[in-house]
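Worksheet for the structure shown next.
Values quoted throughout were computed directly from the atomic coordinates according to the rules given, and no laboratory measurement underlies them. None of the values given here were measured: they were computed from a predicted structure. With ideal geometry, Cβ positions are generated from the backbone for all residues, glycine too; neighbour counts draw on all protein chains shown.
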Amino acid sequence: MTGGSAARALILSCATALAAAAQAPPDVRLEAGYARVEQTGFAPADAALFAVFWRKPTDRWTLFTSGNLTYARDSLAAAQVVAAFAVPWEANEHLRTDFGAAGASFSLRSAGRGGNGSGFLRQHYVRDEWGLWFGTAAGITERDGVRTRSFAGDLGGWTRWRFMYASASLSRQNSDDWLLLLAAGQERAPLAASYELEDWQLVAQARRGPHELSASWTKRRSVAGSDVNVDAVALSGSLQLSDRLAFLASAGRQLSDPLRSLPQADIVTASFRVSLGPKPLPVMQRATIAEVRLHPRAEGGAELELRVEAHDTLAVEVAADFSQWKPLPMVREGDEWVVRVALPPGKYRIGVRANLGPWRAPRNLARVRDDFGGESGLIVIP
């Protein structure tokens, strides 16, 4: 694939996303930057990165679409388009199903020229402070006229404490795409018709307002058909510079991914992200973190408890549709402002703001934008 064909594929995906955006006010982001890629047996390559991200949330589902292009002359070029849905269950607020598909066209040096298609389905169980998931996926790759198939399954869990997040997962991949392992220098020749890999992964993440820093460690070993035994460490972070501009950086090892036909490589990236469309929400003060907890009541409904971690010098307000958007009374408990309200079953919206800034959704709720550049969080009480 040439860089021109990769660009055409990306432009088509951008046009599709932006055409849909013209019918509704979605989140639209553009990213552009630089990558340095090192693969076994090749000199390091410098590449340009460009991506577009489009997100459309509603009360019933959220649609994510994206397209990205990596280009370093013709030896390292790839274009990818992704579409995914996140659907909460109306009957159970703790359940959410994600599903989607991705397509790619690439020219990846020793991994050949061709394309890839993949799809996934994942089920989540989500509580206020922890969650679990399990999922399955399948992919088909055609490279230099040869078709290969890959399958994967994964399960894991996550937890959070204040601004810290951690997750652990286990995945299994079965594939006959030997070229990815051969290109990484992990095998000299195929040992069987297919191979199976097992990945254990730990991720730690710190979030403070819109700023984020994460680190991951992956241990891969062969279950059948190969002798792979390798570790991978990666770091990434984002810094929100203004309402519309953010700086992103990452460094680490990308393990080969047969499902999406990604080769193993050591990658360093730096890019800027620009938010377009409706005016994005301003950066919230780092000292303000809001979370909602629901405590079921024996007589039906639930007691809503909202906690806002904020310095006592900040003027914090909480309002909701059940209060006709008038500020709710709060009490001070330690380093937090607390609101408690008994509510019957139903759907509600609630927002938080500091020092007369924009209304924001508590961080553990689905976000719903209003018509004035702010947002509220969606609460469902069965």
Need the C-alpha centroid separation for region 166-238 versus region 289-344, integer Å.
42 Å
If each part is reduced to its alpha-carbon centroid, region 260-275 and region 33-62 end up apart, in Å, by 4 Å
FRET efficiency for Arg293 and Phe247, Cβ-Cβ distance as r, R0 = 45 Å, nearest 0.05?
0.85
For helix 3-21, report the angle its Cα long axis makes with the longest principal axis of the Cα atoms of the chain; keep it between 0 and 90° and round to the nearest 10°.
20 degrees
Grab the Cα-Cα distance for Ala32 and Val368, subtract it from 0.36 nm times how many residues apart they are, and report the gain in nm with one decimal.
118.2 nm
Of the listed peptides 196-204, 223-231, 340-348, what is their order by residue-averaged count of other C-beta atoms within 10 Å, with the highest listed first?
196-204, 223-231, 340-348
Relative contact order (percent, whole number), region 289-381, Cα cutoff 8 Å, 6+ residue spacing
28 percent
Using Cα pairs closer than 8 Å and at least 6 residues apart in sequence, work out the relative contact order for region 3-276, in percent.
15 percent
Helical contribution to [θ] at 222 nm, DSSP H n ≥ 4, -39,500 (n - 2.57), averaged over the chain, rounded to 500
-2000 deg cm²/dmol
Region 212-346, relative contact order in percent, only Cα pairs under 8 angstrom and at least six apart counted
14 percent
With label points built 7 Å along Cα→Cβ from the Cα atoms of Phe85 and Asn355, find their separation and express it in nm.
4.3 nm
Can you list the aspartates and glutamates whose alpha carbon sits under 12 Å from that of Lys326, skipping same-chain ones fewer than 8 residues off?
Glu317
